1. I want to confirm something. Restricting to the range 215-250 and keeping residues that are part of a loop (DSSP other than H, G, I, E, B) and not polar (S, T, N, Q), which single residue is farthest from residue 27 (Cα to Cα)?
2. Of the residues 8, 22, which is of a type in the set (A, V, I, L, M, F, W, C) and in contact (Cβ under 8 Å) with a residue 60 or more places away in the chain?
3. Taking residue 261 as the residue in question, decide whether it is farther than 25 Å from residue 328 by Cβ and either of a type in the set (Phe, Trp, Tyr) or in the same structural domain as residue 361 (by TED's automatic domain parsing) (or both).
4. Test residue 122 against the stated conditions and say whether it is over 29 Å from residue 234 (Cα atoms) and away from the ligand (no atom under 12 Å from the Cβ).
5. Kindly provide the set of residues from the range 135-160 that are surrounded by fewer than 24 Cβ atoms within 10 Å (Cβ to Cβ) and touching a His at 6+ places or on another chain (Cβ under 7 Å), ordered by number.
6. Looking at (1) more than 16 Å from the ligand (Cβ to nearest atom); (2) surrounded by 18 or more Cβ atoms within 10 Å (Cβ to Cβ), find the lone condition where residue 191 falls short.
7. Taking the options 4, 83, 17, name whichever one is of a type in the set (S, T, N, Q), modelled with pLDDT under 95 and surrounded by fewer than 19 Cβ atoms within 10 Å (Cβ to Cβ).
8. Test residue 159 against the stated conditions and say whether it is aliphatic (A, V, I, L, M), free of Cβ contacts under 8 Å to residues at least 60 places away in the same chain, within 15 Å of the ligand (Cβ to nearest atom) and not assigned by TED's automatic domain parsing to the domain that holds residue 337.
Amino acid sequence: MRFSTRAIHAGQPADPSTGATIVPIYQTATFTQAGIGEEQPYEYSRTANPTRTALEECLAALDEGRHGLAFASGSAATAAVMSLPRPGDHVVAADDLYGGTYRYFERVLRPQGVTITYVDGRSPAEFEAAFGPATRVAWLETPTNPLLQLVDIEAVAALARPRGILVAVDNTFATSFLQKPLALGADIVVYSTTKYVAGHSDVVGGAVVVNDAGLHEQIKFHQNAAGAVPGPFDAWLTLRGVKTLALRMARHSANAGELARYLREHPQVRAVHYPGLPDHPQHALAARQMSDFGGMVTLQLAGGREEADRFVRSLRLFSYAESLGGVESLVCHPATMTHASIPAADREKRGITEGTLRLSVGIEDIADLRDDVDTALRRVSAGA
Ligand SMILES: *Cc1c(COP(=O)(O)O)cnc(C)c1O
């Protein structure tokens with residue numbers, strides 16, 4: 001089966017007890033057992049629930065992986081994976097990370113005795129230089145937030161594998177539709193399904209996909225022991241979203257590409273970051289590693305906070321809000337939202353200024369989105 005077919009059918013046969021075509025919401029905490037010592041697939045919903053199983057099997061199939069695990073949030077999925085390194089172990093992470101992941105690494109992992117080295121993810125050689133005998137996990141995100149830089153998954157995996165280092169990829173921005181980390185040599189794929197995977201900004205969730213049975217056992221053990229699982233309704237909503245993932249990602253990518261090309265020509269815009277633009281410094285890697293370039297576009301407005309504020313207030317279709325990956329378009333101001341916890345000097349050094357704006361380009365009609373951005377940019381240049 002190909003991707004769009006798997007999204008609709010994998011893990012979702014007709015319900016064995018009723019024939020229900022759509023996987024039911026098994027809204028139950030417990031399952032009645034036949035008798036003492038008789039094993040059955042479901043006993044208690046923290047450990048396993050049929051609606052969640054359908055989602056887990058579907059997500060694994062989409063990544064062409066063997067095992068999927070669903071979590072209550074992307075952050076819970078990250079925590080489960082990062083239960084693998086033990087005190088004394090070392091982690092090498094690409095430095096352009098989701099803020100919540102950085103917070104987890106620094107405020108939870110480090111105090112537990114795990115050391116972390118951050119490297120420029122654009123350079124596999126920096127990963128290699130940071131690897132040591134205690135390194136257990138290499139963690140990366142690609143494309144990154146908000147500057148849409150890329151990490152070469154295949155190159156990092158080729159350096160990590162002979163050293164026995166696990167490679168974990170946060171694939172939230174690209175999704176399995178655009179990028180398959182396991183096929184590129186990664187060991188673990190992590191998602192915030194809150195974003196593109198569920199796709200409708202109505203449910204928070206996370207997932208992990210792996211091939212190795214031992215890794216699956218370890219992460220599943222943590223899933224059950226810590227208990228950060230999605231409820232049956234959240235699993236069902238996510239599964240419903242997944243059915244249209246292929247359609248949505250194709251449209252997100254088409255709209256974002258068109259908007260990026262429009263913005264690049266605009267006099268009010270200083271720079272546009274989009275991996276699909278031929279002058280993106282890593283465009284060739286993006287074309288090799290991804291099947292299309294995704295729905296996120298970051299622009300550098302000519303001006304500072306005042307211009308950025310005027311821009312977001314003037315937009316009508318792009319909502320000024322946190323999050324990304326829903327069918328509706330959103331705009332965010334990284335300097336005061338997602339990256340507010342990074343000291344200003346560090347942030348500016350990385351290229352995130354008061355004039356940086358991140359667009360999550362939705363699946364609305366592109367002509368309307370372009371008009372909306374065009375009107376807002378006119379207001380910025382008119383100074384009112
Ligand atoms: C949102 C996000 C997360 C965290 O996921 P939650 O579902 O909000 O806990 C992790 N990584 C990336 C890249 C994200 O965008």
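The values are calculated or read from the model by the stated rules, or taken from the named source; none is laboratory data. It should be emphasised that the depicted structure is a prediction, and the values quoted were computed from it without experimental measurement. With ideal geometry, Cβ positions are generated from the backbone for all residues, glycine too; neighbour counts draw on all protein chains shown.
1. In the first step, residues of the range 215-250 are kept if they are part of a loop (DSSP other than H, G, I, E, B); the result is 227-231, 243-244.
Okay, now just the ones that are also not polar (S, T, N, Q), so 227-231, 243.
Numbers: 227: 17, 228: 17, 229: 14, 230: 12, 231: 8, 243: 21 Å.
For the range 215-250, the residue satisfying everything is 243.
2. Values: 22 fails: in contact (Cβ under 8 Å) with a residue 60 or more places away in the chain.
Going through 8, 22 in turn, the sole match is 8.
3. Values: farther than 25 Å from residue 328 by Cβ: no; either of a type in the set (Phe, Trp, Tyr) or in the same structural domain as residue 361 (by TED's automatic domain parsing) (or both): yes.
It is false that residue 261 is farther than 25 Å from residue 328 by Cβ and either of a type in the set (Phe, Trp, Tyr) or in the same structural domain as residue 361 (by TED's automatic domain parsing) (or both).
4. Answer is yes for this residue.
5. Hits for the range 135-160 are 135, 136, 147.
6. Residue 191 satisfies all of (1) more than 16 Å from the ligand (Cβ to nearest atom); (2) surrounded by 18 or more Cβ atoms within 10 Å (Cβ to Cβ) except (1).
7. Within the list 4, 83, 17, the selection yields 17.
8. Working: aliphatic (A, V, I, L, M): yes; free of Cβ contacts under 8 Å to residues at least 60 places away in the same chain: yes; within 15 Å of the ligand (Cβ to nearest atom): no; not assigned by TED's automatic domain parsing to the domain that holds residue 337: yes.
So residue 159 fails the test.
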